[in-house]
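Every number in this text was worked out from the coordinates using simple rules, so none of it is lab data. Predicted model, so just to flag it, every value in this text is computed and none were measured. Cβ: placed from backbone, ideal geometry, glycine included. Neighbour counts: every protein chain shown.
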Amino acid sequence: MGLLKGNFSFAQFHVDGQLPEAFLNFVNSRIKANSFRETAKSTEEKCLGWVSLTDVLDADFENANYALGDYLIFSLRVDRKLIPPKLMRIKLLEEERRFLAESGKNRINKSMAAGIKEKVKLELLTRLDPVPSFYDICWAVGQNKIYFSSLADKVADDFADLFKKTFSLNIRRFLPQENPLIAGKPGEAVGPPPEISLIGREFLTWLWYKSEERNGRITIAQGEEVELNFLKRIVLEAGEGEYSQGVVCHGIHAELKEGKEAIRQGKKVKEAGIKLSYNQNEWEFTFKADSFHFQSLKLPAMDWQETPEDPSGHLLERIYLIENAVKTMNNLYESFLRIRFSAQWEEKELKSLAGWLKR
């Protein structure tokens with residue numbers, strides 16, 4: 001429930017497609033038609049649907065309004081029934097012995113074994129209580145953007161499927177290589193072109209260097225500055241998938257020695273703890289370069305006092321601070337892209353980065 005309080009981990013999605021007319025009426029009917037519904041004695045291993053953000057038992061959205069200004073705020077509930085492997089093994093063994101005793105057979109063929117296993121599985125699923133999980137959703141309608149509080153791919157896939165079924169709209173995950181500033185640029189870059197699929201790692205590696213160049217101060221658009229420092233843990237990696245090779249650095253001295261050596265060997269920063277300060281606000285979070293996921297985003301201290309006349313003020317303030325953290329990182333990323341695909345990269349930036357690695 002990080003959208004309401006505490007730290008917030010989230011993935012970002014773009015919403016594709018044209019919103020229908022009378023949009024709120026459309027949402028009202030569709031979200032209720034696909035809200036969460038429990039089924040007694042169900043054999044389904046997974047059941048999902050929408051519920052209220054502020055009351056997880058309110059699947060009819062009677063006690064809380066999901067519309068909040070330009071935002072739609074609700075949750076995805078996913079109930080899973082997980083059969084413990086040891087329980088399955090014992091029950092299956094019991095059923096096989098019972099079958100042999102009643103049938104008078106000496107052995108169970110492959111087809112019979114599969115049928116017995118399915119029977120045992122369905123009986124266990126009927127008796128098991130599901131384990132519920134809840135994932136916060138903030139849909140910034142005017143921006144065609146969604147913040148979703150899970151970083152797990154399987155959960156994200158379930159969310160995308162149900163979203164499309166509910167609203168007849170596709171959503172796609174945010175990917176740094178799809179930034180408009182990259183389109184048509186790789187061939188124009190001075191020097192060796194970057195691996196576009198790993199451009200996020202190149203950005204985060206550059207960001208580490210820039211954070212130390214001027215004691216954390218980095219210039220973004222129109223001469224404005226942010227203060228950014230890397231914290232505690234840095235993950236560096238070369239390659240992708242099963243061929244990847246990585247190193248994890250902890251502590252200041254380890255970061256300086258092991259991390260820079262890893263960069264010299266061709267690795268790039270894949271993940272890092274970051275402290276970000278801008279416009280009198282300060283955030284701490286772990287940033288993932290490949291997906292631009294924010295993990296455990298700690299928001300600035302809030303001075304907001306919620307009143308009966310303004311019960312949503314606290315949540316709107318939190319959303320504002322979340323969006324500002326995202327916007328600031330995006331501004332830094334675009335500043336990097338403008339340098340990366342310009343003559344400045346070869347003429348100045350690579351030389352400065354090489355000097356930083358030697359220090």
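What is the packing order of peptides 15-25, 291-301, 41-51, 343-353, taking the mean over residues of other C-beta atoms within 10 Å and listing the highest first?
On the way: 15-25: 11.4, 291-301: 17.7, 41-51: 16.1, 343-353: 13.6.
Going by the mean number of other Cβ atoms within 10 Å, highest first, we get 291-301, 41-51, 343-353, 15-25.
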Quiz item: What spacing in nm lies between the two simple spin-label points modelled at Lys41 and Asn281, each 7 Å away from Cα in the Cβ direction?
Solution: 5.3 nm
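Please quote Rg/Rh for the range 1-132 to two decimal places, taking the Kirkwood radius as Rh and restricting both calculations to Cα atoms.
On the way: Rg = 22.1 Å, Rh = 18.7 Å.
That ratio is 1.19, to two decimals.
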Quiz item: Going highest first, how would you order 93-103, 327-337 by mean Cβ packing within 10 Å?
Solution: 327-337, 93-103
Practice problem: Can you spot the lysines whose alpha carbon is less than 22 Å from Lys165's alpha carbon? Ignore those fewer than 8 places along the same chain. | Solution: Lys32, Lys46, Lys145, Lys154
Quiz prompt | Thr219 versus Glu195: modelled label distance in nm, points set 7 Å from Cα along the beta carbon direction | solution = 3.2 nm
Practice problem: Report the convex hull volume per residue for the range 85-127, counting only C-alpha atoms, in Å³. | Solution: 69 Å³
Quiz prompt | Residues of the range 258-296 with amide N under 16 Å of the 7 Å Cα→Cβ point at Lys327 | solution = 277-283
Quiz item: Over the C-alpha atoms of the chain, what are the Rg and the largest Cα-to-Cα span, Dmax, in Å?
Solution: 25.4, 86
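Starting with the fewest neighbours, write out Asp55, Asp129 ranked by other beta-carbon atoms found within 10 Å of each beta-carbon.
Working: Asp55 13, Asp129 7.
Least to most surrounded, the residues fall as Asp129, Asp55.
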Exercise. List Val27, Val141 from most exposed to least, where exposure is judged by having the fewest other Cβ atoms within 10 Å.
Key: Val141, Val27
Quiz item: Separation of the range 40-99 and the range 1-19 by C-alpha centroid, Å?
Solution: 21 Å
